[in-house]
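What follows is calculated from the coordinates using simple rules that are stated; it is not laboratory data. From a predicted model like this one, the values you see are computed outputs, not experimental measurements. Ideal geometry is used to build each Cβ from the backbone, glycine not excepted, and the neighbour counts take in all protein chains shown.
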Amino acid sequence: MLTYMEVHLYYTLPVLGILLWLLRPFDSKEDRFKYQFLACIAFFTASLWDNYIVYHKAWSYCPTCVVAVIGYVPLEEYMFFIIMTFMTISFTNLVMRWHLPSTFIRPQTPLIQTWSVRGVPIMALMIIAYKAWKLAVPAKPLFYGACILWYVCPVLAILWYGSGEYMLQRPLSVILSITLPTLYLCWVDKIAIAAGTWHISLRTSTGKFVSSDLPLEEFMFFVLINTVLVFATCTIDRAQAVTQLFNKHRHNTLDQLKTLLWAYLVPDQMLNPQVINDLSITWGILKSASKSFHTASAVFNYAVRQDLSVLYGFCRATDDLCDNESVPGKRRERQLQATRQFVKTLYAEKQLTEAHYSQLPVTCIPAYRAFATHLRYIVSEESVYELLDGYRWDLERRSVKDEDDLAYYSACVASSVGEMCTRIIAHHGQCSLSSDTIHRARQMGLVLQYINIARDIVTDSQDLHRCYLPQNWLTQQEIENLQLGQPRELSDRRLRQISLKLVSKAELMMKQAEAGIDDLPYCQGGLRAACQVYAGIGQCLKLSSGYPDRAYLEKRERIKIVLKSIYL
């Protein structure tokens, strides 16, 4: 005989434990809200509904297989309400967390289409609920199935209003999130019914079976309840994405609930399409321009990942403004000056108008606007100016004469970014930053820039006719070859020797810089993964027999490093 508690101990709790362990590195206050809010709603509503159907003998349990009974329902059944909720939500989070929810919001959708997509299913669900209510007559064969339908369909209608279009943008993820938990729980249900742990009454059910020991009504229950849980998860994801996009101020719990309710009710068409479009463009920049950073960013929660992508897009756009050799130098000088003026205005004024962007190239405006919208109150003005000082160095084609020059230039273009990233993470984790933490973040920026320079000796020379290596490491002939775009005039052995010298300096700093990650309890796994993925390029250089044109990690290796960083 299999007891109900043994069903949990052998089948449900181990799976839930594995799912929660897999999600542990990605824990965030947004996810904790989902678990707590939905578990409370599920427990309250399911308790009332289940007591009602057990009272009317739709299903029964083996009296010797349960620990205790509260009302008409076993204690283990109340546990099941929470366990199933957590299991399905956690699996859905695991499936859906790899894409930003905000990229599935579509403000340009015609309003008539929205009302059709929302209205028709909602009407159908409410009609089904009404008919099911009429058919839910105790002691009749349709009672159990009808009770499931009138319990579930109104909830599905409410959730479809809030996220129907959002879910249609990602159908495979939604279907997978519903299907696998349903199949697993149906399998557990079959085992329990076959063992006599609980029994479905033939008097209040159709007597039809999906498979042996799996009544049609039980299959309906798991399909529909899991659908509710997945829809609810998606609804909260969309609402949280809207609040992150358009409401950056912190609130108390009541204000958070009010804001989420507003986000649930507001249609996509009432949202500013420019904000969403700007974010989509910056996300596309990250996705196409840096596979290493894109892979590593997946381990951060949505809010941090969104703002880091905005920062990356801004850095990339400003770099392209000043580093594009196909654009005349004077024009790039004007663009850099316009960027400095933009930053000055951004931090001095409360509102920016389109006139403030008029001096900037059209292709860069989305990244600048996204930065102004999302990061102006998070990153410091000094860090942005420091980054622009690095671009001025490039624009003036200044040479890196020695290691002091290398450290200064790298601090401008990388330490500044390391500091900005750290401020973003601390902001979303609501934790304070010490000067030591900032110092180590800046040190990590140096590490990654040194590895970047070590990797790009050939491409910097061929594409930009630039050399970022300290000139006192090189002979005059080597300097000329690199500046003339002839890096392969240096032997593979020599290129490898120079690059590994830079990598070794980076690795020495890495040991100190990594200690700063421990000062940020929020997103530690993500930070380690992001840094280790990039540092892995240094290992790639060390393992190469010669010097590759551009060393990179295979996707499999990047994923391996990420998993190792967050789980070990």
Next on the checklist: To test your reading of the geometry: what angle, between 0 and 90 degrees and rounded to tens, separates the Cα axis of helix 416-429 from the longest principal axis of the chain?
Outcome noted: 20 degrees
Item to check | For A58, residues with placed amide H under 5 Å, excluding near neighbours | outcome: none
Checklist outcome for this item: For volume of the Cα convex hull per residue in Å³ the list reads (1) 141; (2) 199; (3) 168; the calculated value is entry (3)
Checklist entry - Within the chain, which is the longest segment containing none of the GluC sites (Glu not before Pro) that sit in a DSSP loop and have at most 11 other Cβ atoms within 10 Å? => result 1-324
Checklist entry - Which whole-angstrom value gives the distance between the alpha carbon centres of segment 475-510 and segment 337-397? => result 33 Å
Checklist entry - Contour minus end-to-end for I82 and W115, with contour as 0.36 nm per residue of separation and end-to-end as the Cα-Cα distance? => result 8.5 nm
Checklist entry - Using +1 on the beta carbon of Lys and Arg, -1 on that of Asp and Glu, and nothing else charged, what's the dipole of the chain about the Cα centre, debye to 20? => result 820 debye
Next on the checklist: How many angstrom lie between the Cα centre of segment 4-70 and the Cα centre of segment 136-214?
Outcome noted: 15 Å
Item to check | segment 150-159 - phi-based ³J(HN,Hα) in whole Hz, Karplus 6.51/-1.76/1.60, Gly and Pro as x | outcome: 6, 6, 8, 4, x, 5, 4, 5, 4, 5
Next on the checklist: Using each residue's phi in segment 179-185, evaluate 6.51 cos²θ - 1.76 cosθ + 1.60 at θ = phi - 60° and report the 3J(HN,Hα) Karplus result to the nearest Hz, with x for Gly and Pro.
Outcome noted: 5, 5, x, 5, 4, 5, 5
Item to check | Net charge of neighbours whose Cβ lies under 9 Å from the Cβ of V66, counting Lys and Arg as +1 and Asp and Glu as -1 | outcome: -2
Item to check | Virtual paramagnetic centre 7 Å along Cα→Cβ of Q430, amide N under 14 Å, in segment 521-564 | outcome: 522
Checklist outcome for this item: Residue separation between M220 and H439 times 0.36 nm, minus their alpha-carbon distance, gives in nm 73.1 nm
Next on the checklist: Quick check on the exposure proxy: order D519, D549 from fewest to most C-beta atoms within 10 angstrom.
Outcome noted: D549, D519
Item to check | Inter-label distance for F37 and L168, nm, one decimal - labels placed 7 Å from Cα along Cα-to-Cβ | outcome: 2.4 nm
Checklist outcome for this item: Counting only residues 5 or more apart in sequence or on a different chain, those whose built amide H sits under 5 Å from that of F209 are L216
Checklist entry - Using Cα atoms only, what is the angle between the long axis of helix 555-567 and the major principal axis of the chain, expressed in degrees (0 to 90) to the nearest 10? => result 70 degrees
Checklist entry - Angle between the Cα long axis of helix 111-135 and the longest principal axis of the chain, 0 to 90 degrees, nearest 10? => result 20 degrees
Checklist entry - For D278, D319, what's the fewest-to-most ordering of other Cβ within 10 Å of each Cβ? => result D319, D278
Checklist outcome for this item: For V69, the residues 5 or more places away or on another chain with a placed amide H closer than 5 Å to its own amide H are L75
Checklist entry - Taking the Cβ-Cβ separation of D323 and L265 as r and a Förster radius of 51 Å, what is the calculated FRET efficiency to the nearest 0.05? => result 0.65
Checklist outcome for this item: Per-residue ellipticity at 222 nm attributable to helices in the chain (runs of n ≥ 4 DSSP H, -39500 (n - 2.57) apiece, nearest 500 deg cm²/dmol) works out to -23000 deg cm²/dmol
Next on the checklist: Could you check the spin-label model distance between D213 and E396? Points 7 Å from the Cα along Cα→Cβ, value in nm.
Outcome noted: 7.9 nm
Checklist entry - What are the ³J(HN,Hα) values, in whole Hz, obtained from phi via the Karplus relation 6.51 cos²θ - 1.76 cosθ + 1.60 with θ = phi - 60°, for each residue of segment 402-413 in sequence order, with x given for Gly and Pro? => result 8, 5, 5, 4, 4, 5, 5, 4, 5, 5, 5, 8
